[in-house]
Amino acid sequence: MSVDKIRKVAVLQRVCPGYRLALFQELSRLKGYKLRLFIGDDLPNSKVKSARDIDGVDLVRMNTKFVALGGDSPLVIHAGLFNALASFAPDLIVSEGESNLFSLLAALLYARVKGIPVLHWSLGGLPGEAPKSGFRKLIRNLIRRRFDAFIVYSSFGKACLVKDGMSSDKVFVAVNVPDVQRLLKRAEVVGTSKQQARKKIGVPDKFTILYVGSMDTPCKRLELLVDIARSLRPDDCNIVCVGDGQVRNKMVNEAQSLGLNHLFLPGAINAGIDDYYLAADLFVLPGRGGMVIAEAMAFGLPVIAYNADGTERDLIENGVSGVLLESGGVEDFVRVIRNLMMRNDHRREMSSNAKVSISRFGLANMVSSIGSALECTR
């Protein structure tokens with residue numbers, strides 16, 4: 001194949017979420033490539049949804065069927081995918097991982113028939129994840145070995161793939177972040193003090209600990225936020241948990257029954273979310289999560305995290321721009337929070353470091369890593 005030829009790349013995803021749109025727009029401008037994104041319908045009763053307006057991306061929307069298999073998520077079937085690929089005639093395919101299993105298998109079949117490379121794009125692995133059974137792991141790795149290269153969201157994910165026998169030089173880390181430069185500009189609010197921001201969101205003017213994210217699954221470990229509130233004196237701090245979901249309802253009831261008037265649960269916030277970041281001193285992520293780490297750091301918040309999605313180990317320099325806990329018990333979170341509440345100078349230094357650290361990441365880094373993965377298949 002001529003190096004000068006424009007290579008057509010088919011990217012298979014369940015949806016195109018809003019936080020990912022800017023990345024696909026940038027990839028669409030990647031020199032030497034023509035990208036086409038294949039997506040389906042939003043997943044019912046979930047946050048897996050496409051952006052409302054998808055501009056600047058060559059897009060094919062597939063008719064979608066959802067087949068319940070008894071797990072947390074249904075099997076997503078993009079009807080007519082094989083024919084849609086044939087119509088585009090890609091030179092290589094990049095497929096979302098096992099969460100989009102039907103498309104992944106269709107990509108492998110199409111690539112085998114046409115003799116083209118196919119890349120696997122996924123987390124690679126999660127910290128603290130329960131090990132797969134021997135048979136399931138065997139099948140998964142047999143499938144993975146059919147791929148020509150891998151794109152993962154963290155160095156931790158790469159280590160997981162290498163441990164499972166994938167070649168290190170075929171695994172490319174594109175640390176998963178939103179549009180960091182845009183976040184940093186949003187955070188440059190002139191003349192807004194923490195006191196003003198706290199008044200705006202309706203909490204007392206005192207040390208404020210923040211969580212932002214969905215509140216719908218046990219893997220978020222949000223019960224720890226209630227335990228943290230029980231362990232910290234109401235006169236010393238606010239604990240603000242932004243988000244919605246079935247776990248929030250339980251937390252509201254517990255906060256009321258325990259008289260935790262310093263635990264605030266305002267629900268989901270879209271417009272005005274910046275005020276919550278501006279009002280806070282620390283960000284706490286007790287369980288799964290990822291994209292929100294970059295948001296918090298862009299606003300100068302040191303992040304305390306435990307077994308998020310692997311990206312925390314790339315984004316947070318332990319003790320410098322945040323804290324990575326080795327053990328995720330409530331006493332560990334409380335110990336670190338109390339320490340940072342008392343050490344104002346150290347916390348302010350961590351705040352500055354968080355902004356500097358996250359500025360090194362962004363869409364340009366992701367595009368560069370993904371571009372290297374594409375190039376390795378020539």
Condition check for S321: out of contact with any Cys (no Cβ under 8 Å at 6 or more places or on another chain), small (G, A, S) and at pLDDT below 95: no
Any residue in segment 75-82 that is under 14 Å from L37 (Cα atoms), in a strand (DSSP E or B) and over 21 Å from the mean Cα position of the chain (by Cα)? yes
Can you tell which of L265, L260 is without any contact (Cβ under 8 Å) to a residue 40 or more places away in the chain and more than 25 Å from the chain's Cα centre (by Cα)? L260
Meets criteria (without any contact (Cβ under 8 Å) to a residue 40 or more places away in the chain, closer than 24 Å to A294 by Cβ, buried (at least 17 other Cβ atoms within 10 Å of the Cβ) and not aromatic (F, W, Y)) for R14: no
A careful count of residues in segment 344-365 that are in contact with a Leu (Cβ under 6 Å, 6 or more places away or on another chain), under 16 Å from I304 (Cβ atoms) and not charged (D, E, K, R) gives 0
Working only within segment 18-53, note down all residues that are under 18 Å from the mean Cα position of the chain (by Cα) and of a type in the set (V, I, T). V48
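Does segment 232-249 include one or more residues that are in a helix (DSSP H, G or I), of a type outside the set (D, E, K, R) and either touching a residue at least 60 places away in the same chain (Cβ under 8 Å) or buried (at least 21 other Cβ atoms within 10 Å of the Cβ) (or both)?
First pass over segment 232-249, keeping only residues in a helix (DSSP H, G or I): 246-249.
Right, trim to of a type outside the set (D, E, K, R) and you get 246-247, 249.
Among the residues that remain, those that are also either touching a residue at least 60 places away in the same chain (Cβ under 8 Å) or buried (at least 21 other Cβ atoms within 10 Å of the Cβ) (or both) are: none.
No, segment 232-249 has no match at all.
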Residues of segment 177-230 satisfying the condition of being polar (S, T, N, Q), part of a loop (DSSP other than H, G, I, E, B) and over 21 Å from D244 (Cα atoms): T192, S193
Any hit, segment 52-59, residues being out of contact with any Cys (no Cβ under 9 Å at 6 or more places or on another chain) and within 28 Å of V173 (Cβ to Cβ): yes
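Of all residues in segment 126-151, which are touching a residue at least 60 places away in the same chain (Cβ under 8 Å) and surrounded by 15 or more Cβ atoms within 10 Å (Cβ to Cβ)? Give the steps one after another, and end with the answer.
Let us first name the residues in segment 126-151 that are touching a residue at least 60 places away in the same chain (Cβ under 8 Å), namely 126-128, 148-151.
The answer is L126, P127, D148, A149, F150, I151.
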Enumeration of residues in segment 253-267 that are surrounded by fewer than 21 Cβ atoms within 10 Å (Cβ to Cβ) and assigned to a loop (DSSP other than H, G, I, E, B): G259, L260, N261
Among the residues of segment 159-209, the number that are closer than 30 Å to R146 by Cβ, among the acidic types (D, E) and surrounded by 14 or more Cβ atoms within 10 Å (Cβ to Cβ) is 1
Say we look at segment 17-54 and pick out the residues that are under 21 Å from S103 (Cα atoms) and among the acidic types (D, E); which of these is surrounded by the most Cβ atoms within 10 Å (Cβ to Cβ)? D41
Answer from A305, A279 - the residue that is modelled with pLDDT of 95 or more, surrounded by 21 or more Cβ atoms within 10 Å (Cβ to Cβ), over 25 Å from D72 (Cβ atoms) and small (G, A, S): A279
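Which helices (runs of 4 or more DSSP H) sit wholly inside segment 268-378 and have at least 3 residues that are closer than 25 Å to K220 by Cβ? First the steps, then the outcome.
Working: elements: 273-279, 291-298, 312-315, 330-342, 344-358, 363-375.
The helices (runs of 4 or more DSSP H) meeting that bar are 273-279, 291-298, 312-315, 330-342, 344-358.
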Of residues in segment 57-68 being in a loop (DSSP other than H, G, I, E, B) and out of contact with any Ser or Thr (no Cβ under 6 Å at 6 or more places or on another chain), the one surrounded by the most Cβ atoms within 10 Å (Cβ to Cβ): M62
Can you tell me how many residues within segment 205-226 are touching a residue at least 40 places away in the same chain (Cβ under 8 Å) and over 21 Å from G128 (Cα atoms)? 5
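How many residues are out of contact with any strand residue (DSSP E or B) (no Cβ under 9 Å at 6 or more places or on another chain) and either free of Cβ contacts under 8 Å to residues at least 12 places away in the same chain or closer than 24 Å to G124 by Cα (or both) when one looks only at segment 74-104?
Adding up the residues that qualify gives 1.
The values are calculated or read from the model by the stated rules, or taken from the named source; none is laboratory data. Owing to the predicted nature of the structure, the values given are computational and were not obtained by experimental measurement. Using ideal geometry, Cβ is built from the backbone for each residue, glycine included, and neighbour counts are taken over all protein chains shown.
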